[in-house]
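Here is the structure we will look at.
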Amino acid sequence: MFSAAERAAFERDGYVIVPHLLDAPTLAPVRQVIARSVDRRVEQLHAQGLITQRYEGEPFERRWAQVFAEYARRPHAAPHLTVWGRHDILDRAIYDLYTDPRLTGIATALVGPAVTGNGDFWVRPKAPGDQTTTLAWHQDSFYYGGVVAPHMQVLSVWI
């Protein structure tokens, strides 16, 4: 599945980029889950008077960026708006993506046949020009405090 150069890059850098692995129909249900989450967040912010409009006419790709930009202009802006996980987006569509054979195949190719998932998933919407929403490529094995045995690997998948 991976060339020798790609495998060497993974071993050296800790990540590999696989462009165009997932198609639009696969991602459409996940986008719907995220859009519903955006709807809830927008309603909450609007009801609290923290944004002046709901940006309902904006397409999926721009709506949250517009909301975030308005919110961030206020003195109370906080990065907590940019981390959504678990109960916020729990849905069958997320599970289906999480267990998609294309993703599990990549994981198996990188770390071997004994692959398991821990159910830790997050949506981290990126806001244009905002450094608090920009993360460098990384693996989350750091969060396990070095207790992962040398023969085990913790693999993160970014989509």
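The values are calculated or read from the model by the stated rules, or taken from the named source; none is laboratory data. On a predicted model such as this, the values are computed, not experimentally measured, just so you know. Neighbour counts are summed over all protein chains in view; Cβ atoms, including those assigned to glycine, are modelled from backbone coordinates with ideal geometry. Note: areas computed on protein heavy atoms with side chains; ligands, DNA, RNA excluded. Shrake-Rupley method; radii C 1.70, N 1.55, O 1.52, S 1.80 Å.
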Checklist outcome for this item: Within the range 68-96, the residues that are at pLDDT 75 or above, within 12 Å of residue 37 (Cβ to Cβ) and either in contact with a Gly (Cβ under 9 Å, 6 or more places away or on another chain) or not in a loop (DSSP other than H, G, I, E, B) (or both) are 93, 94
Item to check | Of all residues in the range 14-31 being in a loop (DSSP other than H, G, I, E, B) and within 19 Å of residue 94 (Cα to Cα), the one that is least open to solvent (accessible area, probe 1.4 Å) | outcome: 22
Checklist entry - Which one is nearest to the chain's Cα centre (by Cα) among residues in the range 97-107 that are part of a helix (DSSP H, G or I) and of a type outside the set (Ser, Thr, Tyr)? => result 97
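Where residues in the range 97-117 are among the hydrophobic types (A, V, I, L, M, F, W, C) and at pLDDT 85 or above, which of them is nearest to residue 49 (Cα to Cα)? Let's see the steps before the verdict.
Residues of the range 97-117 that are among the hydrophobic types (A, V, I, L, M, F, W, C), as a first pass: 97, 103, 106-107, 109-111, 114-115.
Filter once more, keeping what is at pLDDT 85 or above: 97, 103, 106-107, 109-110.
Details: 97: 35, 103: 41, 106: 45, 107: 44, 109: 49, 110: 47 Å.
If we take residues in the range 97-117 being among the hydrophobic types (A, V, I, L, M, F, W, C) and at pLDDT 85 or above, then 97 is nearest to residue 49 (Cα to Cα).
Could you say which residue among 43, 11 is modelled with pLDDT of 90 or more, part of a helix (DSSP H, G or I), out of contact with any helix residue (DSSP H, G or I) (no Cβ under 7 Å at 6 or more places or on another chain) and over 25 Å from residue 131 (Cβ atoms)?
Of the residues listed, the single one that is modelled with pLDDT of 90 or more, part of a helix (DSSP H, G or I), out of contact with any helix residue (DSSP H, G or I) (no Cβ under 7 Å at 6 or more places or on another chain) and over 25 Å from residue 131 (Cβ atoms) is 43.
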Next on the checklist: Which condition from (1) open to solvent by 70 Å² or more (accessible area, probe 1.4 Å); (2) touching a residue at least 60 places away in the same chain (Cβ under 8 Å) is the one that residue 48 breaks?
Outcome noted: (2)
